[in-house]
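First up is the structure itself, then whatever we jot down about it.
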Amino acid sequence: RAAECLRAGELVIVPTETVYGVAVRADFPGGMVRLFAAKGRDEGKPVAFFAENVEQVRAAGVRVNSMAERLAAAFWPGPLTMVLQNSTGGWDGFRVPDHPVALAWVRELGLLPAVTSANRSGEPAALTAQEAWAALAPHVALALDAGVAGEGQASTVVKVLESEIVLLREGPIRREALEAQAGCSIRRK
C-alpha cells in the first residue's frame, strides 16, 4: 500500500536506522511542492533519494566514481548520503538506508523516492511514526510504523568530486572512517 501511495504522488512516512523520513515521487507533478509545503521547508534546499543499492543509482544515470564505489561498499546500506553528479551535470544526494522496512519498500517501488526527515523544518527529527505523523498530518497519506528509529542523528553527507570528497554534514559516520575507506583526505565544507 505504501508503494502504491508513493507511485500515485502521495507523501509516505518511512522508517530508517537514523530517524523517520517522509518520501515523495520527485517526478510526479506537484510532488516536491507538496513535500516542501508539508515540511515548511525552503524549496531551494536539496532532498536526497533513497536507493536499493549502488547499481540502482548508477542505472539512474548517476556518475559513481571509484571513491564513491569504495564508500558505498563500506557504508551502504547505512547512514551515509553521497552527493553525486547526475546525468544532466547537476548534483543529487543518494542513500541506501540500513532498515529492513525501508529497503523492502524501496525494492517494491522500483523507483528512487525523494526522502527527507519527517519533521517540520527546524524542528527535532521524528523518532517514531507517531511523531512524524503528528508533525506532517494532514499532508501524508500513510506511515510505515517500525517502532522507534535509531539514535536520531541524521546521516553523514559527503559530496564526491572527481579527485576529492567534501564533508557537508557530519553524522554517525566519522570523517576518519570515511578517509580510511575512500583512500584520500576529506575536507570539510
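The values are calculated or read from the model by the stated rules, or taken from the named source; none is laboratory data. For clarity, every value in this text was computed on a predicted model and none was experimentally measured. Cβ placement follows ideal geometry from the backbone for every residue including glycine, while neighbour counts extend to all protein chains displayed. Surface areas here come from the heavy atoms of the whole protein model, side chains and all, with no ligands, DNA or RNA. Shrake-Rupley method; radii C 1.70, N 1.55, O 1.52, S 1.80 Å.
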Exercise. Give just the number: which of (1) in a loop (DSSP other than H, G, I, E, B); (2) surrounded by 18 or more Cβ atoms within 10 Å (Cβ to Cβ); (3) not hydrophobic (A, V, I, L, M, F, W, C) does GLU131 not satisfy?
Key: (1)
Quiz item: With respect to the numbered conditions (1) open to solvent by 50 Å² or more (accessible area, probe 1.4 Å); (2) without any contact (Cβ under 8 Å) to a residue 24 or more places away in the chain; (3) under 17 Å from LYS159 (Cβ atoms); (4) not in a helix (DSSP H, G or I), which one is the sole condition not fulfilled by GLU69?
Solution: (4)
Self-check item: Every residue from region 30-66 that is free of Cβ contacts under 8 Å to residues at least 60 places away in the same chain, hydrophobic (A, V, I, L, M, F, W, C) and in a loop (DSSP other than H, G, I, E, B)
Solution: ALA60, VAL62, VAL64
Practice problem: Please find, within region 145-171, the residue that is modelled with the lowest pLDDT out of those that are in a loop (DSSP other than H, G, I, E, B) and buried (at least 20 other Cβ atoms within 10 Å of the Cβ). | Solution: ALA149
Practice problem: Starting from residues that are over 16 Å from the mean Cα position of the chain (by Cα) and within 16 Å of PHE36 (Cα to Cα), keep the ones in region 117-128 and report whichever is surrounded by the most Cβ atoms within 10 Å (Cβ to Cβ). | Solution: ARG120
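Matching residues to (1) assigned to a helix (DSSP H, G or I); (2) within 24 Å of MET67 (Cβ to Cβ):
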{"site": "VAL115", "(1), (2)": "no, yes"}
{"site": "ASN119", "(1), (2)": "no, no"}
{"site": "GLU123", "(1), (2)": "no, no"}
{"site": "ALA135", "(1), (2)": "yes, no"}
{"site": "PRO138", "(1), (2)": "no, no"}
Self-check item: Residue in region 1-53 that is nearest to VAL101 (Cα to Cα), counting only those that are polar (S, T, N, Q) and open to solvent by less than 40 Å² (accessible area, probe 1.4 Å)
Solution: THR16
Quiz item: What are the residues in region 93-110 that are hydrophobic (A, V, I, L, M, F, W, C), open to solvent by less than 40 Å² (accessible area, probe 1.4 Å) and more than 11 Å from the chain's Cα centre (by Cα), if any?
Solution: LEU103, TRP105, VAL106, LEU109
Quiz prompt | Pairs where the first residue, in region 81-108, is in a helix (DSSP H, G or I) and the second is surrounded by fewer than 19 Cβ atoms within 10 Å (Cβ to Cβ), C-beta under 6 Å, 6+ apart | solution = VAL101/ALA146; GLU108/ALA3
Quiz item: Out of the residues in region 81-92 that are open to solvent by 50 Å² or more (accessible area, probe 1.4 Å) and of a type outside the set (Ser, Thr, Tyr), which is farthest from LEU6 (Cα to Cα)?
Solution: GLN85
